[in-house]
Amino acid sequence: MTRWLDDDEQRTWRAFMATSQLVNEELDRQLQRDSGMPHTYYVVLMKLSEAPDRMLRMSELAMELNSSQSRLSHAVARLEERGWVQRRPCATDRRVSWAFLTDEGFAVLAAAAPGHTEAVRQSFFDRLTPEQVRQLAEICEAVLGKADS
């Protein structure tokens, strides 16, 4: 039996979807305009910058980004062309390859970060109260299965 959404759930779901799309589009436009990269590339660079030795297995990076291997491979190929990321083979397992953030890629990320952070503030956090931010964090963590309980 289908559990249809009630009116409040429908309203909430549609608002969530519209908000996600709006914020993602605003962030993508800002990064394209100011740094010449789509938001997806920024997130790849950010994830690698936070990894030990600025390097992650491609499979792990795909999981972190909730991306398919093929989609990530395409993005990494574009980042390699720019000199921002290198793919490195694993010395012990030929099936594994690593994505490594180059010094140039780190510099590009560092240059893009202030404008991106300001865009995140303007398009998202400046529109919320501190209590709403706390509640939203709890909601997102619950949906992601990370809530403390």
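The values are calculated or read from the model by the stated rules, or taken from the named source; none is laboratory data. This one's a predicted model, so the numbers in the text were calculated from it and none came from an experiment. Here the Cβ is made from the backbone with ideal geometry for all residues, glycine too, and neighbour counts use every protein chain on show.
Data for the structure
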quantity: Complete set of residues in the range 18-70 that are within 30 Å of ARG95 (Cα to Cα) and of a type in the set (Val, Ile, Thr); calculated: THR40, VAL43, VAL44
quantity: When residues of the range 68-81 are limited to those that are surrounded by fewer than 15 Cβ atoms within 10 Å (Cβ to Cβ) and either of a type in the set (Asp, Glu) or not in a helix (DSSP H, G or I) (or both), the one nearest to the chain's Cα centre (by Cα); calculated: SER68
quantity: So ARG33, is it part of a helix (DSSP H, G or I), surrounded by 11 or more Cβ atoms within 10 Å (Cβ to Cβ), among the basic types (Lys, Arg) and modelled with pLDDT of 95 or more; calculated: no
quantity: Check on ARG87, closer than 22 Å to LEU56 by Cα, loosely packed, with under 12 Cβ neighbours inside 10 Å and not hydrophobic (A, V, I, L, M, F, W, C); calculated: no
quantity: The one condition in (1) more than 28 Å from ALA18 (Cβ to Cβ); (2) not in a helix (DSSP H, G or I) that GLU104 fails to fulfil; calculated: (2)
quantity: Subset of the range 82-94 that is closer than 20 Å to VAL108 by Cβ and not in a loop (DSSP other than H, G, I, E, B) - its residue that is modelled with the lowest pLDDT; calculated: ARG88
quantity: Members of the range 27-55 found to be over 14 Å from the mean Cα position of the chain (by Cα) and within 20 Å of PHE124 (Cβ to Cβ), listed by number; calculated: ARG29, GLN30, GLN32, ARG33, ASP34, SER35
quantity: Residues located in the range 36-50, provided they are touching a residue at least 40 places away in the same chain (Cβ under 8 Å) and not in a helix (DSSP H, G or I); calculated: MET37
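Conditions (1) of a type outside the set (Gly, Ala, Ser); (2) in contact with a Gly (Cβ under 8 Å, 6 or more places away or on another chain); (3) within 20 Å of ASN24 (Cα to Cα), marked per residue:
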residue: SER59; (1), (2), (3): no, no, no
residue: ALA62; (1), (2), (3): no, no, yes
residue: ARG78; (1), (2), (3): yes, no, no
residue: VAL85; (1), (2), (3): yes, yes, no
residue: PHE125; (1), (2), (3): yes, no, yes
residue: PRO130; (1), (2), (3): yes, no, no
residue: ALA137; (1), (2), (3): no, no, yes
residue: LEU144; (1), (2), (3): yes, no, yes
